[in-house]
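The structure appears below as structure tokens.
Quick note: the coordinates plus some simple rules give every number you see, no bench work behind them. This one's a predicted model, so the numbers in the text were calculated from it and none came from an experiment. When we count neighbours, we look across all protein chains shown, and the Cβ atoms used for this are built from the backbone with ideal geometry, even at glycine.
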Amino acid sequence: MTTFSRWALVAVVVAAAVLAGLGWISLRQWERSAESAFREQARDMATMAAEKFEMVLRGAPEPVIARLRAAAATGDPRAVESALAEPAVREALESSLGGGGAPTILALLDPQSRPVYARESLGAAQRVAAARLREGLPDWQIGLYQQPGAAPHVTVRRQVMLFSAALGILLVVIVAGSVTTYRLTRRESEVARLKADFVANVSHDLKTPLSVIRMFGETLEMGRVPDQATREEYYRVITRESERLSRLIDNVLDFSRIEGGRRTYERAPTPVEPLVRESLEPFAYPLAQGGFKVEVDVAADLPDVMIDAAAVAQALSNLVDNAIKYAGERKTVRVSAAVVGDRLMLAVADEGIGIAPAEHGRIFEKFYRVGRSDTQGRRGSGVGLALVRHVTEAHGGRVTVESTPGMGSRFTLVLPVR
Ligand SMILES: Nc1ncnc2c1ncn2[C@@H]1O[C@H](COP(=O)(O)OP(=O)(O)OP(=O)(O)O)[C@@H](O)[C@H]1O
Ligand SMILES: [Mg+2]
């Protein structure tokens, strides 16, 4: 699945890159041909104007043209100007160099290619084409000018830029879309894998206490336990194991309620000290059994806090459960409660295996467990901390973790007092 989606992503990116390359090449070609088409058109216009000018000029008397030529030869602009002012020349100029349309201006160029006449001021206009006059005024030319913004290469450039931008946006959208899809499918398949682990883990967690209960129940039923003290011990084990089962089932049920958006909280003023004590009570036996050092530090005179007592107790139980489950060589559990400002801080600390900083964000995700369940050796369904986070956030608070691998962890519920 992931290999397939990875290849699909690679295919899309390669296709997009090829598309970009081809698009770029064809844009360059188009740019070149559009520019030469533009220039050709401009040349044609200039040639046509030159022919018309010559035609009209043919009607003018020969001395007029001779004067114009002589004036140009002297190089004196004023002489040229007065020769151009001759009515016959003026008529030829006006009838052949007029019009042309707004961005194009036709001009008469003297043998030094200097514009000597144009209907409008040339300003910053650039010459894009010129056509030589053949009769009458050889070496003179008719030039075609265009305003800077309207010059062919500028226009073409602008269009190329527009197309490139559109192509670029398209490619970015394609690639971003595929990457997002790829990540989504990755995420989905990861969740599917975690879910499968979750089912296996929960089933295992249910089986262990059940088989203990069954074994002790059967032994008692067969009447094989003669003395009263051992019998009582067996009853206690059965009660304890069923409590553990209930806790596990409550956790899973509450988690599914949260997932379905059906979990509701009923807040009431709650004293903190009994809440902490009652959350720890179910763990008295495993704590004693494991040889744990338990420290409870609840500040004196804590005010009652507005919380859903059962939900917060469940969150606290999950933290204590983790502290026991992920203990290392040093078996300690410290539970503390204090009010700082308008916040209640409920903390559970251990000196256990700890959590790598990179995992701190992920452990609160549903089903997530550090390492694979089979390599970790400690059973769990991976919903405990997801539940803790949901409960604290529903109370307008948050849960924080400080942990160093090998040194231990400290989880703190930060809840508003009101
Ligand atoms: N106190 C802790 N010390 C070290 N690692 C911890 C601690 N608490 C949680 N973790 C890590 O975070 C993961 C997620 O914890 P979480 O409580 O959500 O799941 P779980 O304990 O595996 O299963 P369960 O749903 O039964 O509680 C754990 O699998 C564990 O790897
Ligand atoms: Mg847990």
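Below is a table of values for the structure above.
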{"quantity": "Selection from Met345, Ala386, Ala315, by position along the positive dipole direction of segment 264-416 (Cβ)", "calculated": "Ala386"}
{"quantity": "Equivalent-ellipsoid semi-axes of segment 2-156, from the Cα gyration tensor, Å, largest first", "calculated": "51, 13, 12"}
{"quantity": "Net charge dipole size for segment 2-156 [Lys, Arg +1 and Asp, Glu -1 on Cβ; Debye, nearest 20]", "calculated": "540 debye"}
{"quantity": "For the chain, with +1 on Lys and Arg beta carbons and -1 on Asp and Glu, the positive-most of Ala299, Val10, Ser178 along the dipole", "calculated": "Val10"}
{"quantity": "Formal net charge of residues neighbouring Arg58 (Cβ-Cβ distance under 13 Å; K, R +1; D, E -1)", "calculated": "-3"}
{"quantity": "Charge context of Lys207, other residues only, Cβ under 13 angstrom, K/R +1, D/E -1", "calculated": "+1"}
{"quantity": "Listed residues Leu413, Gly223, Ser203: farthest to the positive end of the dipole of the chain (Cβ charges)", "calculated": "Ser203"}
{"quantity": "Residues Val272, Val156, sorted so that the one with the fewest Cβ neighbours within 10 Å comes first", "calculated": "Val156, Val272"}
{"quantity": "Normalised contact order of the chain, rounded percent, pairs of Cα under 8 Å and 6 or more residues apart", "calculated": "12 percent"}
{"quantity": "Residue-span extension gain [Val191 to Met55] - 0.36 nm each, minus C-alpha spacing", "calculated": "40.4 nm"}
{"quantity": "Amide H within-cut-off set for Leu344, under 5 Å, with H built and near neighbours excluded", "calculated": "Leu415, Val417"}
{"quantity": "Fewest-first ranking of Arg240, Arg362, using other Cβ atoms within 10 Å as the exposure measure", "calculated": "Arg362, Arg240"}
{"quantity": "Most fluctuating residue given options Glu188, Glu259, Glu94, as computed from a GNM of the chain linking Cα atoms under 10 Å", "calculated": "Glu94"}
{"quantity": "Rounded if a/c under 1.5, otherwise prolate or oblate - segment 225-272, Cα gyration tensor axes", "calculated": "oblate"}
{"quantity": "Nonlocal Lys pairs with alpha-carbon distance under 26 Å, the chain (8 or more apart, or different chains)", "calculated": "8"}
{"quantity": "For the chain, diffusion coefficient by Stokes-Einstein and Kirkwood Rh (Cα), 25 °C, 0.890 mPa s, µm²/s", "calculated": "81 µm²/s"}
{"quantity": "Mean Kyte hydropathy of -0.5 or more with a Cα span along the axis of at least 20 Å, helices from DSSP in the chain", "calculated": "2-57, 152-221, 309-325"}
{"quantity": "Förster radius 41 Å - calculated FRET efficiency between Asp297 and Tyr234 (Cβ-Cβ, nearest 0.05)", "calculated": "0.70"}
{"quantity": "Extension gain (nm, one decimal) between Arg224 and Ser164, 0.36 nm per residue minus Cα-Cα", "calculated": "12.8 nm"}
{"quantity": "Segment 222-340: proportion of alpha-carbon pairs further apart than 20 angstrom, %", "calculated": "55 percent"}
{"quantity": "Compactness of segment 264-416, expressed as Rg and Dmax over alpha-carbon positions, Å", "calculated": "14.9, 46"}
{"quantity": "Fewest-first sequence of Asp301, Asp254, Asp76 by Cβ atoms within 10 Å of each Cβ", "calculated": "Asp301, Asp76, Asp254"}
{"quantity": "Net dipole in debye of segment 264-416 [+1 Lys, Arg Cβ; -1 Asp, Glu Cβ; about Cα centre; nearest 20]", "calculated": "620 debye"}
{"quantity": "Size of charge dipole - the chain - debye, nearest 20, with Cβ of Lys, Arg +1 and Asp, Glu -1, no other charges", "calculated": "820 debye"}
